[in-house]
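Trainee: Here it is, the structure in full.
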Amino acid sequence: MSSDAQRMFRIRPFVSADQEAARQLILQGLGEHFGFIDESYNPDLNDITASYLAAGQVFLVAELDGVLVGTGALLMEAEGMGRMVRVSVSREQRGQGLGRALVEQLLRLARARRLRRVVVETNCDWADAIGLYRRCGFSEYAQDETSIHLALDLSGPDTTTS
């Protein structure tokens, strides 16, 4: 991503005013991939503040010219381990480096929380997502009929770019 493009995107913590835009962005991305969306499978999106922030988790949003164009969350799981979820970028902004910027920011926050490992799960057929995570240093550790599980060991030096 060029430095001009980087300046246009602003990644920041979620605030309650982002609720509907974040929910719609994530559901739209899921619908684009699967061809439909059953909102009942995503109850955490009905109240992001309660589902993530009140529970001590991290939820980030990205904006471009005041419009929400990306999301990403980091869940603290077992001792020293986090799980990245809800990484989503609007169709119009894909391929601009925003997904990578969100993942890298979540990894910086994971390191700040002294996590040693971050995992992520996505569908086996979601090539763009798998490619993003692999470019960010994640490696596959498990796969089943529908999902691929990737992990990144954070115990080494921080290799994310600023």
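Trainee: Given Cα positions, please report Rg to Rh for the stretch 40-86, the hydrodynamic radius being the Kirkwood one.
Mentor: On the Cα set of the stretch 40-86, Rg over Rh gives 1.02.
Trainee: Next question, about the same structure. Is the stretch 1-159 rounded, prolate or oblate when judged by the Cα gyration tensor, a ≥ b ≥ c being the square roots of its eigenvalues, rounded requiring a/c under 1.5 and prolate requiring a/b larger than b/c?
Mentor: Values: a/c = 1.22, a/b = 1.13, b/c = 1.08.
Taking the square roots of the gyration eigenvalues as a ≥ b ≥ c, the stretch 1-159 is rounded.
Trainee: Residue separation times 0.36 nm, minus the C-alpha to C-alpha distance between A21 and D65: what's the value? Kindly include the intermediate steps, with their values, before the conclusion.
Mentor: Details: separation 44, 0.36 × 44 = 15.84 nm, distance 1.41 nm.
Answer, rounded to one decimal: 14.4 nm.
Trainee: Given an 8 Å cut-off on Cα distances and at least 6 residues of separation, report the relative contact order of the chain as a percent.
Mentor: Numbers: 237 pairs, mean separation 29.1, N = 162.
Relative contact order for the chain comes out at 18 percent.
Trainee: Between beta-carbons, use under 15 Å as the cut-off and find the net charge around L27, counting Lys and Arg +1, Asp and Glu -1.
Mentor: Net of charged neighbours comes to -4.
Trainee: Give the shape of the stretch 59-103 as rounded, prolate or oblate, defined through the alpha-carbon gyration tensor: a ≥ b ≥ c are the square roots of its eigenvalues, a/c under 1.5 means rounded, and otherwise the shape is prolate if a/b is larger than b/c and oblate if not.
Mentor: Note, shape of the stretch 59-103 comes out prolate.
Trainee: Also, quick follow-up: If you scale each eigenvalue of the Cα gyration tensor by 5 and take the root, what three semi-axes come out for the stretch 71-160, rounded to whole angstrom and sorted largest first?
Mentor: Semi-axes (√(5λ), whole Å): 20, 16, 11.
Trainee: Could you give the length gained on full extension between R116 and R10, defined as 0.36 nm per residue of separation minus the Cα-Cα distance, in nm?
Mentor: 35.5 nm
Trainee: Moving on to the next point. Which GluC sites (Glu not before Pro) does the stretch 83-162 hold that lie in a coil by DSSP with at most 11 other beta carbons within 10 Å? Walk me through the numbers on the way to the answer.
Mentor: On the way: sites: E92, E104, E121, E140, E145; in loops: E145.
Answer in residue order: E145.
Trainee: Check which residues have an amide H placed less than 5 Å from V61's amide H, if you skip close sequence neighbours.
Mentor: Long-range HN contacts for V61: R12, F14.
Trainee: Under a plain spin-label model, where a point goes 7 Å from the Cα along Cα-to-Cβ, how far apart in nm are A127 and A78?
Mentor: Between A127 and A78, the label points sit 3.3 nm apart.
Trainee: So, one more: If you count, for each residue, the other Cβ atoms within 10 Å and average over each peptide, how do 19-26, 35-42 line up from highest to lowest?
Mentor: In descending order of packing, they fall as 19-26, 35-42.
Trainee: Another one. Helix-only mean residue ellipticity at 222 nm, the chain, DSSP H runs n ≥ 4 weighted -39,500 (n - 2.57), per residue, nearest 500. What is it?
Mentor: Calculated from helices alone, the mean residue ellipticity at 222 nm is -8500 deg cm²/dmol.
Read-outs: derived from the displayed coordinates by stated rules, not from any lab. Computed from a predicted structure; not experimentally measured. Positions of Cβ are backbone-derived with ideal geometry, glycine not excepted, and every protein chain shown enters the neighbour counts.
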